[in-house]
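The values are calculated or read from the model by the stated rules, or taken from the named source; none is laboratory data. Predicted model only: the values in this text are computed from it and were never measured. Positions of Cβ are backbone-derived with ideal geometry, glycine not excepted, and every protein chain shown enters the neighbour counts. What goes into the accessible areas is simple: the full protein's heavy atoms, side chains included, and nothing from ligands, DNA or RNA. Shrake-Rupley method; radii C 1.70, N 1.55, O 1.52, S 1.80 Å.
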Amino acid sequence: MPIFRKRTKRSDSTPEPVEIHPDHDFRVVDHEIFIDFAVPLASEGADEVLTELLKHHAVEIIKDRKRRGQPLEGIPLARVSARRSGEPHEVGVIELDKSIERIDIEIPDLVPQPQMAGYDPLAKFDEGLQERATPSTDGRTDELAPLGEQLRLTAGVAAGLRSFGVDPEQMTATDLGLGLLRLSGYQVTETRDGYRAEGHDATIHVVIVDHEPGDHPELTEKAVTSFLVGFAGARTQRAMLITDKYGPYMIYQKERANPKAVFVTRERLQGFVDAVAVDR
């Protein structure tokens, strides 16, 4: 199945490459292959990183179908598309004028850190929190801007999110949080009161609180208490609450009392993105 990192020499402590499997439609029409990915595009279309990512996936899909016996030799072209405004939009063409098995499209790493032995991006984020002073509440507003307008994403992170079916221009805290965890090399499963993330020799109790229109813009005390109670019964090594709401002052007191519990509030989301996306 397709992966989105180059194959590199691995050590026993290096995490496995993250696998993503975008939903797609596969058709052969008039002696051409059409692969339409359910991946949302920006209004201007696909950039180079996303284009190469989708072409890589397309090649792996064709190889897999051929291995399973579908007769595809002799077909000269594969046309790759994704979705813009809900409609298929061609992003690339792959020439198949040689043996399909010999075709190999390499792409740059979307997020390089999980390939590095011993590197845990969330631990790196935790270290950064310890170096920061309590942020000011200046500039807070009752109306919260969309995350896509406030966060800076690298081309790799944006492409990875789109491959999960997430449009960065319209993403929620849940979309961003789960996407970054997966891109970081964590396996994420849903639990009764949140999610469980496993990877980098760590287990993490994860709760995500989305801001809804009309809600108070600050995380409530009830949500903080519920998160900490859930952590106490989760049997994980660490805990993380992710939200696009502002953080109340009480979270700093809670973190000092329990350093294993971290709050990734609106003020900290860019730091979370950077811990995943930026080289050390």
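Hey, among the residues in segment 180-198 that are under 14 Å from residue 240 (Cα atoms) and touching a strand residue (DSSP E or B) at 6+ places or on another chain (Cβ under 6 Å), which one's most open to solvent (accessible area, probe 1.4 Å)?
198
Within segment 151-166, is there a residue that is open to solvent by 30 Å² or more (accessible area, probe 1.4 Å), more than 21 Å from residue 274 (Cβ to Cβ) and modelled with pLDDT of 90 or more? Let's see the steps before the verdict.
Going residue by residue through segment 151-166, those that are open to solvent by 30 Å² or more (accessible area, probe 1.4 Å) are 152-155, 164-165.
Now restrict to residues that are more than 21 Å from residue 274 (Cβ to Cβ): 165.
Filter once more, so that each one left must be modelled with pLDDT of 90 or more: 165.
Yes, the conditions are met somewhere in segment 151-166.
Here's the yes/no breakdown for (1) under 30 Å from residue 257 (Cβ atoms); (2) touching a Pro at 6+ places or on another chain (Cβ under 7 Å); (3) modelled with pLDDT under 90; (4) open to solvent by less than 10 Å² (accessible area, probe 1.4 Å):
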site: 53; (1), (2), (3), (4): no, no, no, yes
site: 73; (1), (2), (3), (4): no, no, yes, no
site: 81; (1), (2), (3), (4): no, yes, no, no
site: 86; (1), (2), (3), (4): no, no, yes, no
site: 97; (1), (2), (3), (4): no, yes, yes, no
site: 118; (1), (2), (3), (4): yes, no, yes, no
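Quick check on my filter: what residues within segment 45-103 are under 21 Å from residue 170 (Cα atoms) and of a type in the set (Gly, Ala, Ser)?
45, 46, 81, 82, 85, 86
Identify all residues within segment 215-239 that are part of a helix (DSSP H, G or I), buried (at least 17 other Cβ atoms within 10 Å of the Cβ) and not hydrophobic (A, V, I, L, M, F, W, C); write none if there are none.
230
Residues being modelled with pLDDT under 95, closer than 25 Å to residue 97 by Cα and open to solvent by 60 Å² or more (accessible area, probe 1.4 Å): count how many of those fall in segment 25-51.
3
Sort through 242, 204 and tell me the only one that's within 30 Å of residue 46 (Cβ to Cβ), in a strand (DSSP E or B) and open to solvent by less than 10 Å² (accessible area, probe 1.4 Å).
On the way: 204 fails: within 30 Å of residue 46 (Cβ to Cβ).
So the residue among 242, 204 that is within 30 Å of residue 46 (Cβ to Cβ), in a strand (DSSP E or B) and open to solvent by less than 10 Å² (accessible area, probe 1.4 Å) is 242.
Need the failing condition index for residue 125 against (1) surrounded by fewer than 18 Cβ atoms within 10 Å (Cβ to Cβ); (2) in a helix (DSSP H, G or I); (3) modelled with pLDDT of 70 or more, just the number.
So the condition that residue 125 fails would be (1).
Looking at (1) open to solvent by 30 Å² or more (accessible area, probe 1.4 Å); (2) at pLDDT 90 or above, find the lone condition where residue 108 falls short.
Of (1) open to solvent by 30 Å² or more (accessible area, probe 1.4 Å); (2) at pLDDT 90 or above, only one is false for residue 108: (2).
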